[in-house]
Structure formats: structure tokens, C-alpha cells
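Scroll down for the structure; my scribbles are underneath it.
The values are calculated or read from the model by the stated rules, or taken from the named source; none is laboratory data. Quantities reported herein were computed from a predicted structural model and do not represent experimental measurements. Cβ: placed from backbone, ideal geometry, glycine included. Neighbour counts: every protein chain shown.
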């Protein structure tokens, strides 16, 4: 396919034209990928999204305190008053890798700046690893096509933009490296070299799993590949030791870290262990079977193992994985948890979005499927072909569960599309002698690659990278807006609140507050304690009087009278024994022991005061809310009007209502967006929102109405309700510049209310 003309020699190595072409295409792929991933830098050099701020903080903690301290770190600034076991609940490999590389490659930059650039580097370098992986499966040409497709894949580069110091870039780098070593070890049966490759593959896959739990996906095609091996490699003793070597390596290395060990000890470990044992038993069975009976006997063993797996799963011996993992296996599984449903990346993938993401690559994938299933037109090894089929089909299947998993659909499309294009290219250049055809084919391929980069104008591949860092747009729906409201607000908290201050806010903003303000938060983006988040939602939707009791009371004080019985039950139940059991399993102590020290401080002989955390106060000092909308003026008026629903807390009120088990129709109009009058006048968030509904507007005609009707949009005016430090349960102490601006345009307002601990409800 590619010219093999020798250019020059270095010792025994002949540098040929094909090597130059490979280097050129890889350099182009890496450059394109890096360019696209760098797009957000035009808005500002910042970490992207929410989780990277915690990951940066954890990396900095390692650099300042060492790894031993990190593995014993209970972060008391998170999930007040319980704290967070960081190494048990986070992406350890990501933190350790960054902390290890920083002293070597920082080039004088700060840790913050280093973590901004790191995902760009790993995302770009993964292009080369993808080339190596697909090259083993389908040849050099397929590897080059794979590198090009990977560099412009929307679901992949959008979760690897500059500043995206999260799980995916490093996780994918390690996972693809592991897959390259795995298939290379199996394909090239070279004894010790294969042994080293398979052991190293297990190591890198465990590192990838520690970096991102989603890497469990790559275990699935390996499992299916294992089960298929005896049916087409039944004369090869190599698989009897190769498969156990990889499996043992993966399991043993995964046990190093707390988070990955929980995966491996559970269903993931079972999933890799059963097919490994199957291969060993099948190998023994085949040795004692006639040539005609080998396949039949292996099938019998397979059926027995499938029955064993079903039996173990249904027995309850191994606890079920979380809904996210179950939903990936069964995309039709429904979830009853409003909190999980409220997370944007947990939305079900739509066909239109999939077509947008995959674009022309779907054409290439169809070609790949055709060739992979056509024995007459393919010259790939059977084992590599089967692994490619398993990996790509499973990848496309699991992507239907969540939008976040659309990334795996891209993996499947990369495999199918690159192999399909490679075989098609080979056939055209080998079987067609017409020079015109050989010229027009690459032109068509180039055009197909370029079209999505440029068309349609408002939805190109490049437009999907053109987003400001979330800290600059507040995570709002204003995708091309950038301001310093959040940076100013977090700086104000750091400079104007006591070091032991506790900040209550919706969990979306927890990492920003803890990292940038160095203050304690009640909930954050790890979403570790569902009922804590539920209680926060309840405090926002209940009456301000109840909310004040819930938020201001010490975490040893009983606030059950301010929580409806139905709501408390929805949080997990009221029975003290249930919580004691939970804490005994989770922390090795009963619940009351957590609060024992505080009870001793309180006196009154309450040394063993019971502890139902749901019915205890949250001990907060400040309440932060975030509002996003647009400010505008009508002709002849100098008073600004506002439209909200820009993606701040005002847009989350429906979820707050559902999560806290309140009746939706009482708080939200029939359009599921517009707040009712009751919501505005009787809920904490409604009254903390410094606006009141002025009129309802019909967008098409501009007509105004005094009451809500379907199709109308509320227009707001300024109306600050809580501002008196003596008589109000909450009073405004800070509002970001966007709130005070009088200019028309986007408002991204961070509002900080002091919880008035001197407030007297009786007055």
C-alpha cells in the first residue's frame, strides 16, 4: 500500500518512504488534536469544568505533604461534618501522575498552570497510542486513519480540552496503551516478550481504571474475547498461559489502590476471573477430546460457566454495582433517583446527538462492518478481527446509556472506520490500475474529513471545542460568555470569611469554593452522600424559617420538626438503627461515635447522643446561590428587566423540588420551568432570588399578561427581599459584579447570604 522505497540507512535499520509518511501523518494528527483541544484558551487560561479543581487541589496536596499523607488524607473541608477519604473516593492515578510529572516537566510554571496543560498533552499523545493499537489490529494504514479520526472525534476531544484535568484524558491514554500491549502480546506469540507485554498491559489497564472508572468498559471486550478464543485457537497452548498472565496482572495491580480494588473484588473481578478459568479448563478438555468433539465440549463448558455466572450474580454474594454501571450494560434500565437524573452527563443519548458527534465517520464504520464480517474480502487474522468486532460493537452499545459514554461510541467508530478505510484503500490501489481513480479516492476522503470541520457553520467540529472554561461562564447555558464573577466571589469568601466558615451551596459549586476559597463545604461534585444533597435541596425549597433552622443548627442538634416525615423517609428513613448500620459498614463505627466528641463539648450528660444525620443541622455560616440570565431595557424605560433560566440555580428549581420530595405542581407551572407565585413567596430559593415576576410575555407578539399561560415567559424586576442583618434569617453580604451592572446583556450573578445566627424566629 505505502511505498517501501529506501531513503537511507542507520546501522541495520533502513529508513524507508513509508516511515516518513507514517511520521508525517502522525505529526499531522497530533497537531490537529492539540489545536482543537487548545481552543478554549482564547477565553482564558483556566481549569475547565468542576472536577479539575479538586484534582488540582489533590495534586498540590501530594506535592506539599507527600504520598503517605495523601493516602491517609481525610479532607475535612469536604462534606462537613463527615469529611472525605480522598484516596478511597477519587482518581488516585490522576493525582499521582500529575504530582510525579510536575517536578520534571513544570518548566517554571505553577501547579495550577501545569494541570491546565496536562490533559492537552495526554490527549494529543493518545493519538500515537491509538495508532499503535489499531495498527496491530488492522495494519499501518488502518492505524493512520485511526489517528486522524481520533484527533477530530467530538466526544473524545470535548472531554479532553485544555484545562480538562479530569479522568478521561489520562484514563484513555493508559487504556489504549494497555489494549495495544494486550493485542500485541496475543498476536505475536514471542514467549518472554509476549509475557512482558501482557503483564504490562494489566498494569496499565489497572492504572487507567484508577484514573477513570469508565475504563471498566475495556474489560468487557477482553471477557468476550476470552470466551471466544477456544473456538478458533483450540490447537494453541499459548492462550492457556497468556490469558491467566494478563488477568492475574490486572487483578493484582488493581488491588494496590482502594478504589480499583472495590471494582476488582466485585463484578469486574468476577467478569475477568470466570473466562480466565474457562480458558484453562477448555484447554484441558481439548487435550482429552477428539478433533471432532473439541468445539462441542468447549460449548458445554461455556454453557456451564454462563450458568455459574448467572447463579453467582443472582445469589447476592456480590453486591450489585452502581446504577451508572448497570445502565451501561442495560441502557433500557430506568432510574428512580432524581439526583442521578439531574446530572447533565447522565442524560440518555439521543440519535440526533449521536449523528452530530459521529458525522461522516458513520459511513466509514459501515464500510468497516462490511469488511470485518466478509471473509472473502478481508485478510486480517481471525483473533484480531474478532477482538475488533467485540470492542467496536460493545462500545457503540454501551454509549446508548449516557451522553458521557458517547465517547465509547467514538472508540467503536474509530476501530470500524479505520479498518474499513484501510481495506477499501488497499483494494482501490491494488486492483484498480486507472490513475484517475487513485487520485480521486484520496480527494474524496479528504473532502469527507474537511466538510464537518467547516459545515454547518454553527455546528462544526471546531465549534464543539469553542467553549469558555466553566469558572468563567459559571457552567451556565451561555456558551460564548466569559466573566470573572465566580473568581471574584471565591476570592471574596477567602478574604472576608473566617477560616473555619462553612459554606452551603448546591453541590455543583463545592469544588470551586473549597479549592479557590479554601473554605469548608457541605456538598460537592463527588456527590458522595445522597441524603446530604437531598437535605440541601429541601432547605432551598422549604420555607425560609425552616431552612434557617436546618442550615444554621449545629450538626448535633435535632431539626426533625422542620423536615416533613414523608421527606425524611425519602432521604433514607428515620430509624436510628439504619444509620448505625450504614456507618458501621462504611466507617467501622456506629453513628453516635462520630458525634461523641461534640456531645461531650455540649455537656448535659449527652455523651452517647444518638445520631441520625438526616435529622441533624448542617452547621453552615453562609448560603451561596448562583443565578444566570439576561438584562435588557424596553423603549422609554430606564429600569432594567430580566429574563432568568440561564442555567444557574434558578434553572435547577424543578430538580430541587423533585429531589426534596415536594409536590411539583405547587412550585412549578405546567411548562416545568416557570416558578409559581407560591414558589417565589414561600421558598428559600425563591425569596433569596433578588427578583420578582413583573409580567408574562408572549415572545412572538411581545404582548404582556399579568398571569401565567402556557407559552408565556416571565420577565423579572429587581426585588431584594433579605438584606437586614438584624431581622432577616439570611442577609446579602456579597453579590458579584454582574449583578450590579446596569448594562444590557448576560448576568452571571453569584450571591452570598450570611446565615443570621442571631435571628430570633419568634420575632
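Quick one: residue 64 ticks every box in (1) surrounded by 18 or more Cβ atoms within 10 Å (Cβ to Cβ); (2) modelled with pLDDT of 95 or more except a single one, so which number is it?
Answer for residue 64: the failing condition is (1).
Scan the range 187-194 and give yes if some residue there is touching a helix residue (DSSP H, G or I) at 6+ places or on another chain (Cβ under 9 Å), closer than 27 Å to residue 424 by Cα and part of a helix (DSSP H, G or I), otherwise no.
Yes; the residues of the range 187-194 include at least one that is touching a helix residue (DSSP H, G or I) at 6+ places or on another chain (Cβ under 9 Å), closer than 27 Å to residue 424 by Cα and part of a helix (DSSP H, G or I).
Select from the range 538-558 the residues that are at pLDDT 90 or above and either assigned to a loop (DSSP other than H, G, I, E, B) or within 15 Å of residue 687 (Cα to Cα) (or both) and list them in ascending order. Steps first, please.
Residues of the range 538-558 that are at pLDDT 90 or above, as a first pass: 538-553.
Answer for the range 538-558, where residues must be at pLDDT 90 or above and either assigned to a loop (DSSP other than H, G, I, E, B) or within 15 Å of residue 687 (Cα to Cα) (or both): 538, 539, 540, 541, 542, 543, 544, 545, 546, 547, 548, 553.
Let me spell it out: the conditions are (1) under 25 Å from the mean Cα position of the chain (by Cα); (2) surrounded by fewer than 18 Cβ atoms within 10 Å (Cβ to Cβ); (3) closer than 23 Å to residue 190 by Cα, and residue 256 meets all of them except one. Which number is the exception?
(3)
Identify, from the list 24, 33, the residue that is surrounded by fewer than 17 Cβ atoms within 10 Å (Cβ to Cβ) and not in a strand (DSSP E or B). Before you say what the answer is, go through the steps one by one.
Details: 33 fails: surrounded by fewer than 17 Cβ atoms within 10 Å (Cβ to Cβ).
Just a single option satisfies the conditions, and that option is 24.
Can you tell me which residue among 203, 195, 144 is touching a residue at least 24 places away in the same chain (Cβ under 8 Å), on the phi < 0 side of the Ramachandran plot, more than 25 Å from the chain's Cα centre (by Cα) and surrounded by fewer than 22 Cβ atoms within 10 Å (Cβ to Cβ)?
Working: 203 fails: more than 25 Å from the chain's Cα centre (by Cα); 144 fails: surrounded by fewer than 22 Cβ atoms within 10 Å (Cβ to Cβ).
When all the criteria are applied, what remains is 195.
Among (1) surrounded by fewer than 19 Cβ atoms within 10 Å (Cβ to Cβ); (2) at pLDDT below 90; (3) in a helix (DSSP H, G or I), which single condition is residue 494 missing?
The number of the failed condition is (2).
Looking at the range 669-685, is at least one residue in contact (Cβ under 8 Å) with a residue 60 or more places away in the chain, over 34 Å from the mean Cα position of the chain (by Cα) and within 23 Å of residue 504 (Cβ to Cβ)?
yes
When you look at residue 129, is it within 24 Å of residue 385 (Cβ to Cβ), part of a helix (DSSP H, G or I) and either without any contact (Cβ under 8 Å) to a residue 60 or more places away in the chain or touching a helix residue (DSSP H, G or I) at 6+ places or on another chain (Cβ under 6 Å) (or both), yes or no?
On the way: within 24 Å of residue 385 (Cβ to Cβ): yes; part of a helix (DSSP H, G or I): yes; either without any contact (Cβ under 8 Å) to a residue 60 or more places away in the chain or touching a helix residue (DSSP H, G or I) at 6+ places or on another chain (Cβ under 6 Å) (or both): yes.
Criteria met by residue 129.
Can you name the number of the only condition in (1) surrounded by 13 or more Cβ atoms within 10 Å (Cβ to Cβ); (2) out of contact with any strand residue (DSSP E or B) (no Cβ under 8 Å at 6 or more places or on another chain); (3) in a loop (DSSP other than H, G, I, E, B) that residue 720 fails?
The one condition residue 720 does not meet is (2).
Tell me, please, whether a residue that is assigned to a loop (DSSP other than H, G, I, E, B) and at pLDDT 95 or above can be found in the range 626-634.
Applying the first criterion (assigned to a loop (DSSP other than H, G, I, E, B)) to the range 626-634 yields 633-634.
Now narrow it down to the ones that are at pLDDT 95 or above: none.
Looking through the range 626-634, none of the residues is assigned to a loop (DSSP other than H, G, I, E, B) and at pLDDT 95 or above.
For the range 313-328, indicate whether the set of residues that are part of a helix (DSSP H, G or I), at pLDDT 75 or above and either on the phi < 0 side of the Ramachandran plot or touching a strand residue (DSSP E or B) at 6+ places or on another chain (Cβ under 8 Å) (or both) is non-empty.
Start the filter on the range 313-328 by keeping residues that are part of a helix (DSSP H, G or I), which leaves 313-315, 323-328.
Then keep just the ones that are at pLDDT 75 or above; that gives none.
No, that holds for no residue.
Going by what's in this entry, would residue 281 be described as within 25 Å of the chain's Cα centre (by Cα) and either farther than 20 Å from residue 300 by Cα or touching a residue at least 12 places away in the same chain (Cβ under 8 Å) (or both)?
Numbers: within 25 Å of the chain's Cα centre (by Cα): no; either farther than 20 Å from residue 300 by Cα or touching a residue at least 12 places away in the same chain (Cβ under 8 Å) (or both): yes.
No: the conditions fail for residue 281.
Is it fair to say residue 487 is part of a helix (DSSP H, G or I), closer than 19 Å to residue 83 by Cβ and touching a helix residue (DSSP H, G or I) at 6+ places or on another chain (Cβ under 8 Å)?
On the way: part of a helix (DSSP H, G or I): yes; closer than 19 Å to residue 83 by Cβ: no; touching a helix residue (DSSP H, G or I) at 6+ places or on another chain (Cβ under 8 Å): yes.
Taking the combined requirement at face value, the residue does not satisfy it.
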